[in-house]
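Engineer: Next up is a structure, given as structure tokens.
The values are calculated or read from the model by the stated rules, or taken from the named source; none is laboratory data. What you are looking at is a predicted structure, and each value in this text was computed from that prediction instead of being measured. A quick note on method: Cβ atoms are made from the backbone with ideal geometry, for glycine too, and the neighbour counts reach across all protein chains shown.
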Amino acid sequence: MDKIRIEGGSPLIGRIPVSGAKNAALSLMIASLLTDEPFHLENVPELTDIAILSQVLEALGVSVERSERRLALHAGEIRSATAPYPLVSKMRAAFWVIAPLLARRGEARVSLPGGDPIGLRPVNLYLQGLEKMGAEMTLEGGYIVGKARKGLRGAKLNMPLVSVGATQTLLMAAALASGETVIANAAMEPEIVCLAETLIQMGAKIKGVGTRRLVVEGRAEGLRGATCHVPPDRIEAGTYAAAAAMTGGSLLLEKAPVRQMEKPLACLKAMGAALEETEKGLRVSRDARAPLRPCQITTSPYPGFPTDLQAQFMALMTIANGASTMTETVFENRFLHVAELARFGASIAISEHSAHIRGVSGLTGAEVMATDLRASASLILAALAAKGSSVINRIYHLDRGFEKIEEKLSGCGARIWRER
């Protein structure tokens with residue numbers, strides 16, 4: 001199994017192009033199932049999650065062709081309604097195919113999802129919404145089996161909590177349902193907006209895009225194909241922004257989606273980083289002679305501080321001059337990286353849903369184990385700032401969500417390489 005070795009202590013100086021957003025690309029790929037016409041994606045990142053979802057779609061009968069940073073998908077005929085366990089178990093987003101399958105074929109058999117071990121993340125919200133839209137849902141041998149022989153129909157869906165996955169799934173279902181669907185307490189993440197705008201391009205009628213209340217007038221007769229551009233990844237940009245501040249460097253993050261990063265950037269500024277928006281993107285820098293200031297952060301659904309940056313900013317807090325607190329409200333088991341950060345010499349105490357970080361004067365290199373995608377990035381950041389050599393094991397998590405991370409970092413002065 002591959003691992004990454006880092007010789008820390010060097011400031012990151014240079015430029016990093018921000019890749020296409022993984023989470024947006026995944027939902028758009030699944031949206032290709034909603035039409036029997038060709039569907040094209042541009043600015044698609046090279047990630048294992050993209051490759052796995054491509055295999056899931058191919059198993060359903062979708063034609064998938066990749067060239068450079070483009071994907072051409074064509075679900076002219078959905079030959080199978082089964083999304084198999086060996087593939088769906090590798091990534092949670094693959095479960096979202098259940099909505100297009102029910103909408104177009106009137107049936108779906110999808111394995112219960114896998115993904116990062118960061119919380120229970122039950123799929124009951126998905127299933128309850130689909131049932132209100134006329135589907136019959138059962139659990140058979142580890143598979144969710146859905147039937148909607150007469151098609152899906154519009155419904156009023158009041159979400160008991162904000163869920164990105166459930167919002168995306170029910171939004172796709174509503175696009176092909178008959179009648180009007182109202183999704184109340186919907187997620188507002190940029191990935192939701194991107195999906196909604198693409199569905200509108202395909203012929204769907206959606207009101208309230210970017211708000212907590214989505215109203216969808218379904219087009220049971222079908223949607224048309226589309227060509228869309230995957231937006232830049234706000235989580236990747238936030239990760240490299242934290243890396244610049246942590247190493248006392250200066251990075252130009254090309255095409256960084258600044259408007260979608262308000263909370264993380266405010267935290268960086270409060271901790272002592274300098275931010276400059278340019279025509280090419282966002283420059284983040286920090287004078288290494290000036291100590292980082294502590295910060296108090298609570299994660300919450302967009303437009304709040306994203307849970308997907310929690311681990312990376314916790315790494316940053318470990319070398320701040322004072323006491324910081326990170327409170328996690330989205331997932332109940334997302335502090336698995338704390339024990340690994342402690343191996344670098346970090347001082348962190350857990351109390352229920354909060355991590356209390358007492359900043360130390362410096363980190364030292366260590367051998368650590370990645371526990372999930374975003375935790376992997378936090379260990380990379382800690383290793384970059386630490387004195388000495390570090391080894392990060394189980395880096396297959398990184399390949400799921402960070403495109404060419406060694407290449408991007410080494411191009412900015414990091415001493416980092418992969419060992420096979």
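Engineer: Within the range 278-292, is even one residue in the same structural domain as K408 (by TED's automatic domain parsing), surrounded by fewer than 23 Cβ atoms within 10 Å (Cβ to Cβ), over 26 Å from A375 (Cβ atoms) and among the polar types (S, T, N, Q)?
Structural biologist: yes
Engineer: The conditions are (1) in contact (Cβ under 8 Å) with a residue 60 or more places away in the chain; (2) out of contact with any Lys or Arg (no Cβ under 9 Å at 6 or more places or on another chain); (3) in a loop (DSSP other than H, G, I, E, B); (4) β-branched (V, I, T), and T371 fails exactly one of them. Which is it?
Structural biologist: Answer for T371: the failing condition is (2).
Engineer: For the range 13-49, give me the residue count where each residue is touching a Lys or Arg at 6+ places or on another chain (Cβ under 8 Å), part of a helix (DSSP H, G or I) and closer than 16 Å to L199 by Cβ.
Structural biologist: Looking only at that region, the number is 2.
Engineer: Something else now. Considering every residue within the range 368-386, establish whether at least one is assigned by TED's automatic domain parsing to the domain that holds R343, surrounded by fewer than 17 Cβ atoms within 10 Å (Cβ to Cβ) and touching a strand residue (DSSP E or B) at 6+ places or on another chain (Cβ under 9 Å).
Structural biologist: We begin by selecting, within the range 368-386, every residue assigned by TED's automatic domain parsing to the domain that holds R343; these are 368-386.
Then keep just the ones that are surrounded by fewer than 17 Cβ atoms within 10 Å (Cβ to Cβ); that gives none.
No, the range 368-386 contains no residue that is assigned by TED's automatic domain parsing to the domain that holds R343, surrounded by fewer than 17 Cβ atoms within 10 Å (Cβ to Cβ) and touching a strand residue (DSSP E or B) at 6+ places or on another chain (Cβ under 9 Å).
Engineer: Give me the pairs, please: first residue somewhere in the range 71-100 and part of a strand (DSSP E or B), second residue anywhere and among the polar types (S, T, N, Q), beta-carbon distance under 6 Å, and either six or more positions apart or on two chains.
Structural biologist: So the pair list comes out as L73/S32; H74/S63.
Engineer: Contact list please: Cβ distance under 7 Å, first residue in the range 52-65 and touching a residue at least 12 places away in the same chain (Cβ under 8 Å) and closer than 12 Å to T82 by Cα, second residue in a helix (DSSP H, G or I) and among the small types (G, A, S), pairs at least six apart or on different chains.
Structural biologist: Going by the 7 Å Cβ cut-off, the qualifying pairs are V56/A94.
Engineer: State which residue is modelled with the lowest pLDDT when the search covers only the range 387-420 and only residues that are surrounded by fewer than 19 Cβ atoms within 10 Å (Cβ to Cβ), in contact with a strand residue (DSSP E or B) (Cβ under 9 Å, 6 or more places away or on another chain) and part of a loop (DSSP other than H, G, I, E, B).
Structural biologist: R420
Engineer: Another question about this same structure. Suppose the filter is closer than 22 Å to P190 by Cα, in a helix (DSSP H, G or I) and among the acidic types (D, E); does E236 pass it? Write out each step before concluding.
Structural biologist: Details: closer than 22 Å to P190 by Cα: yes; in a helix (DSSP H, G or I): yes; among the acidic types (D, E): yes.
Considered against the rule, which asks whether it is closer than 22 Å to P190 by Cα, in a helix (DSSP H, G or I) and among the acidic types (D, E), E236 comes out as yes.
Engineer: Of L292, L252, L275, which residue is touching a Lys or Arg at 6+ places or on another chain (Cβ under 9 Å), under 19 Å from A315 (Cα atoms), not in a helix (DSSP H, G or I) and not basic (K, R)? Even if it seems obvious, please write down each step before you answer.
Structural biologist: Details: L252 fails: under 19 Å from A315 (Cα atoms); L275 fails: under 19 Å from A315 (Cα atoms).
Answer to the selection: L292.
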